[in-house]
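Below: one structure, written as structure tokens.
What follows draws every value from the coordinates through simple rules; no lab data is involved. For clarity, every value in this text was computed on a predicted model and none was experimentally measured. Neighbour counts run over all protein chains shown; Cβ positions are idealised from the backbone, glycine included.
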Amino acid sequence: MYPGIPWQRDIAHQRNGFDLTPEELGEWFLKLQTVGNVHNINLVTPEHVVPQVALSILAARDMGLRVPIIYNTSSFDSLESLQLLDGLVDIYLPDFKVWRSSTSKRLLKADDYASTAMESIKEMHRQVGDLAFTSDGIAKKGVLLRHLVMPGKGDEGREIMRWLAENVSRDLYVHIMEQYHPDAHVGKTKRVTRRVRLGEGAAPEEEVRYADINRAVRDEELVSVRDAAVKAGLWRFCEPNENSAFHL
């Protein structure tokens, strides 16, 4: 699991929660099914606790869990951890964030992000295949791949779409997301001291952090990634709206 990202999508950064054993977590899964009447159990970025998650799923199924398990991930997973989940996870929700190692090193602090994501996404698809739905439009099994289009990174998004079509499946369900928001560390000022001549005061000057992504995504950037996906042969896109029958 990489250290973190300097921007936000719809992510909360608060450190709230409490400790549970795998069996206790499994009991919570069951409560959500019976009391909450949920469609699924959505596990968000659990890469660092996969062995415990696997045990909790097994315990919950022994107690009667029937709803699908969703594994919601950055795709910076090890193959070993994903193989522990084979047969336990019904729906994978992986991100494919960026393509170039220089970008991932700078923004994600992980220069091997793309290569790791490629292996992880192929393994997820091997396990559960393309996304399938119940007769009433609720996702039941498969992969839903997400890509957040970022300012100035449309070329990386286009490469990702081509790779997915050629190496995973042209029937892959893809969500090309537009809700990038320059928050967290993006746009904050950092103080640096410029070199000055002898006798001058050392006047500090301000620079904006991650200035290249300190803006909203433009419509043409979104369109270019979508067009590249269609040209590569992808056709199943997640476009939820008020008239959509699609549910997770």
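Values as computed for the structure displayed
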| read-out | value |
| --- | --- |
| Length gained when the stretch Val38-Arg215 is fully extended (0.36 nm per residue, less Cα-Cα span) | 60.1 nm |
| Ordering of 32-39, 147-154 by packing [mean C-beta count within 10 Å, highest first] | 147-154, 32-39 |
| Cross-link pairs beyond the 28 Å C-alpha cut-off, checked among Lys31/Lys97; Lys31/Lys109; Lys31/Lys140; Lys97/Lys140; Lys31/Lys122 | Lys31/Lys97; Lys31/Lys109; Lys31/Lys122 |
| Net length gained if the chain between Arg106 and Ser78 were fully extended (0.36 nm per residue, minus Cα distance) | 8.0 nm |
| Projected label distance in nm at Glu119 and Ile138, using a 7 Å step from Cα toward the beta-carbon | 3.6 |
